[in-house]
Each structure stands twice: as structure tokens, then as C-alpha cells.
Amino acid sequence: MANANAIIIRKPKLYKIPTSSNLAHNSGISPATYWLFDSKSILQNIKFNDRKEIDDLWKKWEEEAKIRYKNNPLHKRSLKSNAVIIEEGLIVFGSHVEFESSKITIIINEFLNKFQKDNNTKVLHVAYHNHEGHLDLNGQYIINRHAHFLFDNVDNNGVMVRRNWKREYLKQLQDDIYLISKKYIPNIERAREAEYKETYIDGKLVRINQRKHKHHRVYREMHKNENIKMKILLANEQKKEAVISDQNKYKKENSDLLYQNSILEAKIKELNEQVYSDKKYKNKDMFVPYKKLTEHYKKINEEKSITIENYEQILNKLEDLKSKIKIQNGMDLKITDFFELIVEKIKTNEENKLVEKNKNLSIKEEEKYDKNGNYEYGIKYLNP
């Protein structure tokens, strides 16, 4: 019904019998939660200041209808207490119907005049609403344009109006609003016949139009669910963005901390190298850093370790030699006596060798100094 206007008459199974509360809503005295704007824009034939005026007028309408019904000679009894005295209808303007605001009152008035004439009754109150609707997913206002009209269900002759209605007349109402609207909106379409399916919503039996038109309770429930869904999606998206933002923040903070840590480590290293001992350089009036001193002692210890290891190797070899001599000569000497014996034999052998070599060698004396400046006397044997 996007490009069509339609007439909806109250469904007895779906909606309660109209009361003064209906008039209070239609006139804007009682606000609704789904109003987008205030009631100042409502166009109506009677304006009210408060609820008392509405209740008083409603009571007057009912009393007049009861009198008309009672004055009808065909009626032997008064109206039943649960009789529908005042009935309600709705003119719905499709969301895609384009027309000038000045055409609205013309279309409404022409339709209601024909309605009154066809049913020999009186329209008591009419109100055009253009302040109700909802926000779509893009945040745009979707206005639900419609007009409420309350009419006497007891006609001018005291006859019940709706009692004589047939299904064909309800179709005629759609034809009437279509033909009247088309005079002012040439491209408008006729509203299609509704196909209803009964279901329960909030514990109430509701007939849902299977075409485009939706029961207002269903529509609001659907829109409510859509809003909840969108809020959840929006909240999740915001949480996701917040998480990503936090992750980037923590990454940057971690990177900054790593950089600061590297600077601190370099500074600590530099400070460690600059911590001085109480030792001074040999030829400089400067204290030696602990690092240099540590490296120096470490090197000395390594050299001593090598020397000790060499001594141990020599000692082991001497022990082996001692054992061999003991076996060969039957001599068991202390290691010190053994060393003296070995040295004496080596010395004797060397002296014998020197005597032999001196015959064919010239001797050159050479003076030299060691690295500490100490004088050292040396002999080199050179070939002639």
C-alpha cells in the first residue's frame, strides 16, 4: 500500500469498543509513546482543552444516540449496555503517496461527506495525524500519515449502521477513497485486498495482513526488535573499535617501553664502565675502571691457570720417568732428590756437549735488555 490510500474500519475481534479514551488520543489530549512530535500539528474539526471536555461530549453523543434508537418505532427495547454506539474508522495515506498538504483536507472531507450520505449517519470527530511514526535504520523520520474518524453507529433514523454492512460495502469504501484521491493524485493506485492470518501477540489475538499492511502492534513490535538489533550491532561495533583502539594503544606503549628499556640498558652499561676502582694506571694519574681492572685480573688468572696446568703436566712426566728409573736401576728416590739427580745428569751432559762444540764454534757475547729495562747477558752460538 505504499502508493495507495486505504480505509480501515475497527475490527471487533482486534480492538476494544471505542470510548472517550479514543477521542482523547485522536485529539492529542492523551499523548502516545510513539509520537515523534507534539500534537500541535493535528488537524481536527473539534479541539479540546482537557479530558473533562472530552468525557462530557462523549456522554452527550451516547445519550443522543440512545434516544434516536429508542424513538425508532421498530425497536421495542432500548439499546443493550454493551452495544457499540460510536464507531471508529481510519484513513491511511500510503508512505509513497505524494501530494500537497492542502489536498489532504479536501480528500478527507469528500470521503467523509460521501460516507455520511451513504450510511445516513454523522461523523462526530475527525483528526489528521502527521506526528506519529518511527526512525528508520538511517535515522530518518518515517511518518505514519492517517486520519481518525469517529461516527455515529446509530444513524439518523435510529438504525444500527454496521449491522447492515456486507463484505461488498467494505470493498466499496476502498473504491471510494481511491476514486476521490485519484482526482488530486493522478498516479495513485488502489489498495489491494488484504489477506489476514490470525496469531497471538502479547497474549492478544491479532489478524496479520499477509500483504504489505501490518497490524500496528505487529509493526511496532517488529520495529522495536529492529531497533534492539541495531543497538546491539552498534554496541558490538563500538566495542570492537574500542578493543582495536586499546590494542593499538598498548602496542605503542609497549614499543615505547622497549625503546626506553634499551636506552636504560645502554646507560647502565655506560655507567658500569665508568665506575672507577682505587687503582691507578702506571703512567697516568687516572683511576682504573672496575671493568678494565676485572679484565686485567681475569687475564692474569687465565695465564696462571695455564702455567699451573703446564707444571702439572711436567710433574706427571717426571713421575713417569722416576718410575722407569726405579724399574731399571732399582733406585727409589724422593722427588726432590730425583730432581737434583736429573739436573746433575743434564748439566753433565750439557757440559760435555759444550766442550765438543767449542772446538768448532765462535762465541759472541750479546747484550740486551728485557722489557722491564733489566740488563741481561746472553750467549749465542753461531756457525763459523
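The values are calculated or read from the model by the stated rules, or taken from the named source; none is laboratory data. As the structure is a computational prediction, the values presented were derived from the model and not from experiment. Heads up, the Cβs are rebuilt from the backbone with ideal geometry, glycines too, and the neighbour counts pull from every protein chain shown.
Data table
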{"quantity": "Test: residue in region 3-11 that is touching a residue at least 12 places away in the same chain (Cβ under 8 Å) and loosely packed, with under 13 Cβ neighbours inside 10 Å", "calculated": "yes"}
{"quantity": "Verdict on Ile67 being without any contact (Cβ under 8 Å) to a residue 40 or more places away in the chain and part of a helix (DSSP H, G or I)", "calculated": "yes"}
{"quantity": "Test: residue in region 47-55 that is in a loop (DSSP other than H, G, I, E, B), among the aliphatic types (A, V, I, L, M) and in the same structural domain as Phe93 (by TED's automatic domain parsing)", "calculated": "no"}
{"quantity": "Selection from region 126-163 of residues that are over 53 Å from the mean Cα position of the chain (by Cα) and either modelled with pLDDT under 80 or assigned to a strand (DSSP E or B) (or both)", "calculated": "Asp152, Val154, Met160"}
{"quantity": "Where Asn119 falls short, out of the listed (1) more than 55 Å from the chain's Cα centre (by Cα); (2) free of Cβ contacts under 8 Å to residues at least 60 places away in the same chain; (3) surrounded by fewer than 14 Cβ atoms within 10 Å (Cβ to Cβ)", "calculated": "(3)"}
{"quantity": "Lone qualifier among Ser30, Ser21 - being farther than 30 Å from Ile185 by Cα and either touching a helix residue (DSSP H, G or I) at 6+ places or on another chain (Cβ under 7 Å) or surrounded by fewer than 13 Cβ atoms within 10 Å (Cβ to Cβ) (or both)", "calculated": "Ser30"}
{"quantity": "Residues of region 173-199 satisfying the condition of being surrounded by fewer than 16 Cβ atoms within 10 Å (Cβ to Cβ), of a type outside the set (D, E, K, R) and touching a residue at least 12 places away in the same chain (Cβ under 8 Å)", "calculated": "Tyr184, Asn187, Tyr196"}
{"quantity": "Condition met for Tyr178 (assigned to a strand (DSSP E or B), farther than 30 Å from Ile228 by Cβ and out of contact with any His (no Cβ under 6 Å at 6 or more places or on another chain))", "calculated": "no"}
{"quantity": "Cβ-Cβ under 7 Å pairs, at least 6 apart or on other chains, region 29-44 side within 15 Å of Tyr128 (Cα to Cα), far side exposed (fewer than 15 other Cβ atoms within 10 Å of the Cβ) and among the polar types (S, T, N, Q)", "calculated": "Leu43/Thr105"}
{"quantity": "Answer residue from region 76-110, given it is among the polar types (S, T, N, Q) and free of Cβ contacts under 8 Å to residues at least 24 places away in the same chain and is nearest to Ala6 (Cα to Cα) among those", "calculated": "Asn109"}
{"quantity": "Residue list for region 118-154, restricted to those being of a type in the set (D, E, K, R) and either within 16 Å of Asn45 (Cα to Cα) or touching a Lys or Arg at 6+ places or on another chain (Cβ under 7 Å) (or both)", "calculated": "Lys122, Asp152"}
{"quantity": "Qualifying residue in region 100-115 (condition: farther than 19 Å from Leu36 by Cβ, outside the structural domain of Lys231 (by TED's automatic domain parsing) and in a strand (DSSP E or B))", "calculated": "no"}
